[in-house]
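Asker: Pasting a structure below so you can have a look.
The values are calculated or read from the model by the stated rules, or taken from the named source; none is laboratory data. Everything quoted here is computed from the prediction, not taken from an experiment. Quick reminder, even Gly has a Cβ in these numbers, built from the backbone with ideal geometry, and neighbours come from all protein chains shown. Accessible surface is based on the protein model in full, side chains and every heavy atom, while ligands, DNA and RNA are left aside. Shrake-Rupley method; radii C 1.70, N 1.55, O 1.52, S 1.80 Å.
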Amino acid sequence: MLASLIVIFFAIGLHEYSHAKFADLAGDPTPRYYGRVTLNLFKHFDPLGTIMIVITSITGYGIGWGKPVMVDPRKMRNPRWDHFISVAAGPLSNIAQAVVWAIVFRVIIHPGGSLPSMFVLYLVTMGVIINLSLCFFNLIPLGPLDGHWLVGAFLPDDLRARWYLFNRQVGTIFLFGIIILGQLGGGGSIIGKIIGPPVGYMFRLLTGVPIPL
């Protein structure tokens with residue numbers, strides 16, 4: 001539990017900070033106004049999202065969310081694509097963290113080296129798994145996840161507006177329905193089956209070993 005919490009603290013906190021920082025760099029003062037352009041990672045946590053990722057990381061793939069970063073694309077220098085970059089920065093930060101954890105993983109399991117403690121081994125393993133899970137979970141194109149904003153950037157203006165409205169009204173409910181039904185159905189998490197293959201592939205690519213789930 002402690003190892004997972006350490007990973008989650010940085011995974012979610014840096015994810016949300018990246019959203020805020022890149023929106024700030026694009027000229028949008030909104031994240032700074034709300035105090036989100038900060039490396040005080042406690043400012044970026046949503047209680048329900050944090051509880052969700054703690055529970056799901058213990059039972060399988062960690063899925064959850066941080067406190068949403070308020071931005072106003074209209075105040076960015078290039079509203080459409082600066083917003084795209086600020087959204088993409090979140091999942092990309094998790095990929096970057098997964099790479100760092102994977103490097104440590106490879107170092108500590110290097111043949112000829114001393115065996116690490118089980119805590120350290122679990123810490124670096126979950127460092128890769130949780131960050132990859134957060135990345136691919138957030139790329140699902142349903143509101144309020146990052147993926148629906150990324151898809152919207154490529155749509156024509158009128159269709160983009162309807163797409164965002166759909167996700168505010170229906171997409172979020174649909175997403176939570178999938179999560180709840182997957183947990184209650186007894187057949188395994190639906191979200192886990194969606195993000196499992198890319199997480200497993202990337203874990204093996206980064207660490208050189210199959211995912212230990």
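Asker: For segment 73-89, check the following and say yes or no: at least one residue is at pLDDT below 95, under 20 Å from A11 (Cβ atoms) and out of contact with any Gly (no Cβ under 7 Å at 6 or more places or on another chain).
Answerer: No - not one qualifying residue is present in segment 73-89.
Asker: So, in segment 74-92, of the ones that are open to solvent by 40 Å² or more (accessible area, probe 1.4 Å) and free of Cβ contacts under 8 Å to residues at least 60 places away in the same chain, which residue ends up nearest to S189 (Cα to Cα)?
Answerer: First, pick out the residues of segment 74-92 that are open to solvent by 40 Å² or more (accessible area, probe 1.4 Å): 74-75, 77-81, 84-85, 92.
Those left that are additionally free of Cβ contacts under 8 Å to residues at least 60 places away in the same chain: 74-75, 77-79.
On the way: R74: 38, K75: 39, R77: 41, N78: 39, P79: 36 Å.
Top of the filtered list is P79.
Asker: Quick one: which residue in L175, L184, L142 is within 29 Å of M202 (Cα to Cα) and either touching a helix residue (DSSP H, G or I) at 6+ places or on another chain (Cβ under 7 Å) or at pLDDT 90 or above (or both)? Outline the logic, then answer.
Answerer: Working: L175 fails: either touching a helix residue (DSSP H, G or I) at 6+ places or on another chain (Cβ under 7 Å) or at pLDDT 90 or above (or both); L184 fails: either touching a helix residue (DSSP H, G or I) at 6+ places or on another chain (Cβ under 7 Å) or at pLDDT 90 or above (or both).
From the options L175, L184, L142, the qualifying one is L142.
Asker: I would also like to ask the following. Going through I95, I103 one at a time, which residue ends up being part of a helix (DSSP H, G or I), open to solvent by 40 Å² or more (accessible area, probe 1.4 Å) and in contact with a Cys (Cβ under 7 Å, 6 or more places away or on another chain)?
Answerer: Working: I103 fails: in contact with a Cys (Cβ under 7 Å, 6 or more places away or on another chain).
Selected residue: I95, the only one of I95, I103 that is part of a helix (DSSP H, G or I), open to solvent by 40 Å² or more (accessible area, probe 1.4 Å) and in contact with a Cys (Cβ under 7 Å, 6 or more places away or on another chain).
Asker: Considering only residues that are touching a residue at least 12 places away in the same chain (Cβ under 8 Å) and farther than 13 Å from A11 by Cα, look in segment 115-127 and name the one that is least open to solvent (accessible area, probe 1.4 Å).
Answerer: Initial filter on segment 115-127 (touching a residue at least 12 places away in the same chain (Cβ under 8 Å)): 119-127.
The next check asks that each one be farther than 13 Å from A11 by Cα; those that pass are 119-122, 125.
Working: F119: 91, V120: 53, L121: 52, Y122: 91, T125: 14 Å².
Among them, the one singled out is T125.
Asker: Tally time: how many residues in segment 14-36 are assigned to a loop (DSSP other than H, G, I, E, B), over 19 Å from W65 (Cβ atoms) and out of contact with any His (no Cβ under 9 Å at 6 or more places or on another chain)?
Answerer: Counting residues in segment 14-36 that are assigned to a loop (DSSP other than H, G, I, E, B), over 19 Å from W65 (Cβ atoms) and out of contact with any His (no Cβ under 9 Å at 6 or more places or on another chain) gives 2.
Asker: Please verify whether segment 25-37 includes one or more residues that are at pLDDT 90 or above, in contact with a Leu (Cβ under 8 Å, 6 or more places away or on another chain) and of a type in the set (G, A, S).
Answerer: Initially, segment 25-37 is screened for residues at pLDDT 90 or above, giving 25-37.
Okay, now just the ones that are also in contact with a Leu (Cβ under 8 Å, 6 or more places away or on another chain), so none.
Scanning segment 25-37 turns up no residue that is at pLDDT 90 or above, in contact with a Leu (Cβ under 8 Å, 6 or more places away or on another chain) and of a type in the set (G, A, S).
Asker: Just to be sure I understand, how many residues within segment 113-142 are more than 22 Å from the chain's Cα centre (by Cα) and more than 17 Å from L2 (Cα to Cα)?
Answerer: 3
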